[in-house]
Each structure stands twice: as structure tokens, then as C-alpha cells.
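Right, one structure below, let's go through it.
The values are calculated or read from the model by the stated rules, or taken from the named source; none is laboratory data. Just so it is clear, the model here is predicted, and its values are computed rather than measured. Cβ sites come from the backbone with ideal geometry, for glycine too, and all protein chains shown count toward neighbours.
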Amino acid sequence: MSTGTSKPTRDRNEAELIRRVCGGEKEAFYELVRPYERAVYTAAMSILNNQADAEEVAQEAVLKAFSNLSRFRGEAKFSTWLVQITINEARLKLRKDRRHLYQSVDEPQSDEEGDYFPKDYADWREVPSEALQRKELRDALKRALAGLPQKYREVLVLRDIQHLSIEETSQVLGISTGNVKTRLLRARLQMRDALAPGFDGSWVTGKEEYEKVRPW
Amino acid sequence: MKVIEISCLEVWREISNYVDSDVEPELRARMEAHFKVCAHCKAILDGTRNVVKLVADGVEYPVPEGFSKRLYNKIKDV
């Protein structure tokens, strides 16, 4: 969640903006949250997996942050606090929407699964930078992300897209750092499995048929 | 230093921590030695690194058009 300014400067600016908002300058609030709009939206998407729902929750979370700003103590970064509110709002929405399904969306605190066995040993090699822009690759990534179970997707998004630390991810999601690591491993290996067939040459060459690049 | 061998299963358990440089030096040395001789685990390592690299820019979650303006209006209306 880089905002382009150095950390001490950013923290000072934020503290000043928070003071102004709490002093009644409502306009300063938009300035405060603007650098994190994308982070808030992405965090909501990681749980809800639906654009309209994610936007609704992002708005609710920002308004909630506004009305609770006087309670922000600065123990965490403002961005972490904001993302945490968003995660909580998104989970609430999910729970509300799924109530009729009689299923709990509360995740168990421990990851009870056993080991994950990779399904494919395709050798990806290095992904050339020009391949990163290929539409097929971006579409496959989107599908792979959407196909991840929610509890894995939220960890992957916070760690590998929003670049939160293990500790921040643990704090935001309310799970232990051990659980963050276990879920992150799962998420990354499942993503790899979902994308590996495409990387058997096809994303790189753009050819319809896979070009076998395995060295064995 | 003699490097004690490590199984593929143990490597898979730690591969994500390895990518994050979050393993003890002793384990790191064992894993590095394993990757040199095990093409399967090396392929999984490369794939895992690629995943991290590919999702990093976050373009899979584009912010909807007009999002910023609608958010601004919401704040204004409070």
C-alpha cells in the first residue's frame, strides 16, 4: 500500500489530517482515505468476489471509519485500521447474504487440513515480462483468484497484492501468524496448480497448443 | 558443513516461507541443496515465485469506473 511518500512524512500528514477531521473539518477526511481507496476496494473484493458488493462494502467501511475516527489511537497504521474495518464489514455482509443457506462463514481458528500435494510439476521457468500483459494470462489469473476458497484468497490478496506483512495480515484478519503462513502456502500452491497448465508454454508463446517445456 | 537431506514433502511445507525469506539459515541451506537435485521441487518453487510476481500489481481487481467520485459523494453527504 505505497502512497508514494516516505513513511515518516506520510504518518505526519495522516496524523495532521486526522486531527483536522476530528476538529470538524470533514473535507480533510477524503484526503485522508484517498490513497487507500484501491486497498479498501481490493480487500472487499478478496472476500466478496463481486464488484457491486465490494463497492458497497468499501463505501460503508469508509463511512464507518469516518464516524469512528476519534477512536483511532494510532497503534496500527491508519491504512491497516481502515482495511481491518473493511474486512469486518465484508464478512458481515457475507454472513447476512448467506444466512438463508444455513451455513456458517466463520472460519475455524485452526487450519485443520493436512498437507497440500501439488497436482502438477510443469516447469514454468521465468515468465517473460511481455507475457504479463497477455489477455489470456490475465484472464487465467482472474479465474484462478476467483476459484480460491475465500479464506485463502483473503490472505493472498493482503500479502501478495496489498503487500501487508505477516503480522499486519494476522491483525487484520484476526487469525494467528501461523495460520496466515499456512493459508498463504495453500493459496500460492493452489494458484500455481490452477495456472501451471497455461505455463506449459502457452502463455509464453501465445500458441493455441501447449508447447511442452518440461525438462524430463 | 554437512547438509542434512530433506524430503519433498518437507520442502512443500516450507516453500512459501522460503519465497518470503522466512526460514532459518540451516533449513534454507537444506532446501537450496534439495532444489539443486530435485527438478519437481524446483518447478514448484519457480511456479510459486511466478504466482507472487504475477498477482503483485493487483490488476485483477480493477477499481470500477467512477468509484472514487461516488465515494467522495458519500463522504460529502454524511
Can you pull out the residues in the range A:4-38 that are touching a helix residue (DSSP H, G or I) at 6+ places or on another chain (Cβ under 6 Å) and in contact (Cβ under 8 Å) with a residue 40 or more places away in the chain? A:GLU14, A:VAL21, A:CYS22, A:PHE29, A:LEU32, A:VAL33, A:TYR36
Suppose we filter the range A:149-167 for residues that are over 12 Å from the mean Cα position of the chain (by Cα) and away from chain B (no Cβ under 11 Å); how many remain? 2
When (1) facing chain B (nearest Cβ under 10 Å); (2) β-branched (Val, Ile, Thr); (3) farther than 17 Å from A:VAL172 by Cα are applied to A:THR9, the one that fails is (1)
Tally time: how many residues in the range A:39-85 are of a type outside the set (Asp, Glu), over 24 Å from A:ALA15 (Cβ atoms) and touching a residue at least 12 places away in the same chain (Cβ under 8 Å)? 10
Flagged in the range A:77-92 as more than 21 Å from A:TYR30 (Cβ to Cβ) and either outside the structural domain of A:ASN50 (by TED's automatic domain parsing) or surrounded by fewer than 20 Cβ atoms within 10 Å (Cβ to Cβ) (or both), in numbering order, are A:ASN88, A:LEU92
Just checking, which of A:ALA44, A:ALA28 is on the phi < 0 side of the Ramachandran plot, within 11 Å of chain B (Cβ to nearest Cβ) and buried (at least 21 other Cβ atoms within 10 Å of the Cβ)? A:ALA44
